[in-house]
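Participant: Dumping the structure here so I can ask a few things about it.
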């Protein structure tokens, strides 16, 4: 069974697509790697990934969120991209709430986790909408 | 799931994006397939490394979608370790887009190695040979080739042979084998296509006659002896 990614739209006027906003700020290398990774996760079950399962639960100040591991190590500079959101493993549904780039312990943008947690609670209280990832 | 139009729109954003998406899909796909094939065979990285003549570290990197610095030589060694082929080819982006949309079908983990395929081929060849032998046997008993008195009497056996040929082996190759024999027996008369149950109309045509050719002379034994004596007399007359 494959997985589904959906974008979260805030209840602002006009609604904001958080992952789209992040995506548009990235260069082609990150955009392409992100698109490819989403495509592969949607096409293959987590069982196919084995030990390389790219969806992991987050800890500490990001606890409650899940991250998609996206490491670009094919050439320098190595980059570690982390799209984050809510993962419903039973439905294999990942709701994208944003993303950040990790360099050691530094995240860019720095408030990515706190923002995502805020929108997670909004979504869980019925605010905002979700739609197929595009 | 991204739609084909959305994907094409992304490809249209620029050459750099197109280069990066091809790289990302190829690198992640190859790594995932290596890992999936190892799992399918129940092999560890060390076992694949031994089969491929590489180190376990190389296999670890090759099966990691984040690495993506595989050389052709490493990929070919890994393919040899699995005893499968690896094809890389240049394609237009329309084909790439179709491939990317059908990843689950395009990237399979169950890939037969050469030995498995070879034994399957041999079994198939043996089956084909057996049916060919059966057709030869049928033709030699049912159709008396070159029989001077071919007529209505053998029509039924000819038709029966044709039907059994079609039943035993609907393969065009088998029909091709049968066709000359049947045509020879029936004297190259106008033909009509033969239908087989499995394949519909076969490409080979086999002629079947409802009566013997008009040119064929039918002699009774007495007439034949008289004719032969007459011919001998003519020869004597010519030499004398």
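The values are calculated or read from the model by the stated rules, or taken from the named source; none is laboratory data. Keep in mind that what you see is a predicted model, and the values were worked out from it rather than measured. Cβ atoms come from the backbone with ideal geometry, glycine included; neighbour counts cover every protein chain shown.
Participant: Out of the residues in region A:8-48 meeting the condition of being over 25 Å from residue B:16 (Cα atoms) and in contact (Cβ under 8 Å) with a residue 60 or more places away in the chain, tell me which one is farthest from the other protein chains (Cβ to nearest Cβ).
Facilitator: Applying the first criterion (over 25 Å from residue B:16 (Cα atoms)) to region A:8-48 yields A:8-16, A:44-48.
Right, trim to in contact (Cβ under 8 Å) with a residue 60 or more places away in the chain and you get A:8-11, A:15.
Values: A:8: 17, A:9: 16, A:10: 21, A:11: 24, A:15: 19 Å.
So, considering only residues that are over 25 Å from residue B:16 (Cα atoms) and in contact (Cβ under 8 Å) with a residue 60 or more places away in the chain, the one farthest from the other protein chains (Cβ to nearest Cβ) is A:11.
Participant: Which one is farthest from the chain's Cα centre (by Cα), of the residues in region B:37-53 that are within 14 Å of chain A (Cβ to nearest Cβ) and in a helix (DSSP H, G or I)? Break it down into steps so the answer makes sense when it comes.
Facilitator: Let us first name the residues in region B:37-53 that are within 14 Å of chain A (Cβ to nearest Cβ), namely B:37-45, B:48.
Narrowing further to those that are in a helix (DSSP H, G or I): B:37-41, B:45, B:48.
Working: B:37: 27, B:38: 30, B:39: 31, B:40: 28, B:41: 28, B:45: 36, B:48: 32 Å.
In this case the residue turns out to be B:45.
Participant: Against the conditions (1) modelled with pLDDT of 95 or more; (2) loosely packed, with under 15 Cβ neighbours inside 10 Å; (3) within 14 Å of chain A (Cβ to nearest Cβ), where does residue B:71 fall short? Just the number, please.
Facilitator: (1)
Participant: Of the conditions (1) more than 12 Å from chain A (Cβ to nearest Cβ); (2) surrounded by fewer than 17 Cβ atoms within 10 Å (Cβ to Cβ), residue B:19 fails just one. Which one is it?
Facilitator: Here residue B:19 meets the rest and fails (1).
Participant: Given (1) more than 26 Å from residue A:68 (Cβ to Cβ); (2) under 35 Å from the mean Cα position of the chain (by Cα), identify the lone condition not met by residue B:56.
Facilitator: It fails just one condition, (2).
Participant: Okay, moving on. Go through (1) touching a strand residue (DSSP E or B) at 6+ places or on another chain (Cβ under 8 Å); (2) facing another protein chain (nearest Cβ under 9 Å); (3) surrounded by fewer than 18 Cβ atoms within 10 Å (Cβ to Cβ) and name the single condition residue A:52 misses.
Facilitator: (1)
Participant: Moving on. Which numbered condition trips up residue B:137, out of (1) modelled with pLDDT under 85; (2) within 14 Å of another protein chain (Cβ to nearest Cβ)?
Facilitator: The number of the failed condition is (2).
Participant: Test residue A:69 against the stated conditions and say whether it is within 14 Å of chain B (Cβ to nearest Cβ) and over 23 Å from residue B:31 (Cα atoms). Talk me through it step by step, then tell me what you get.
Facilitator: On the way: within 14 Å of chain B (Cβ to nearest Cβ): yes; over 23 Å from residue B:31 (Cα atoms): no.
In short, no.
Participant: Moving to a separate point now. Need the failing condition index for residue A:83 against (1) buried (at least 18 other Cβ atoms within 10 Å of the Cβ); (2) within 28 Å of residue B:34 (Cβ to Cβ); (3) within 13 Å of chain B (Cβ to nearest Cβ); (4) in contact with a strand residue (DSSP E or B) (Cβ under 9 Å, 6 or more places away or on another chain), just the number.
Facilitator: If we test residue A:83 against (1) buried (at least 18 other Cβ atoms within 10 Å of the Cβ); (2) within 28 Å of residue B:34 (Cβ to Cβ); (3) within 13 Å of chain B (Cβ to nearest Cβ); (4) in contact with a strand residue (DSSP E or B) (Cβ under 9 Å, 6 or more places away or on another chain), just (3) comes out false.
Participant: Something else now. Within region B:8-18, can one find any residue that is outside any helix (DSSP H, G or I) and at pLDDT 95 or above? Let's see the steps before the verdict.
Facilitator: From region B:8-18, those outside any helix (DSSP H, G or I) are B:12-14; that's our starting set.
If we keep only those that are at pLDDT 95 or above as well, we get none.
Looking through region B:8-18, none of the residues is outside any helix (DSSP H, G or I) and at pLDDT 95 or above.
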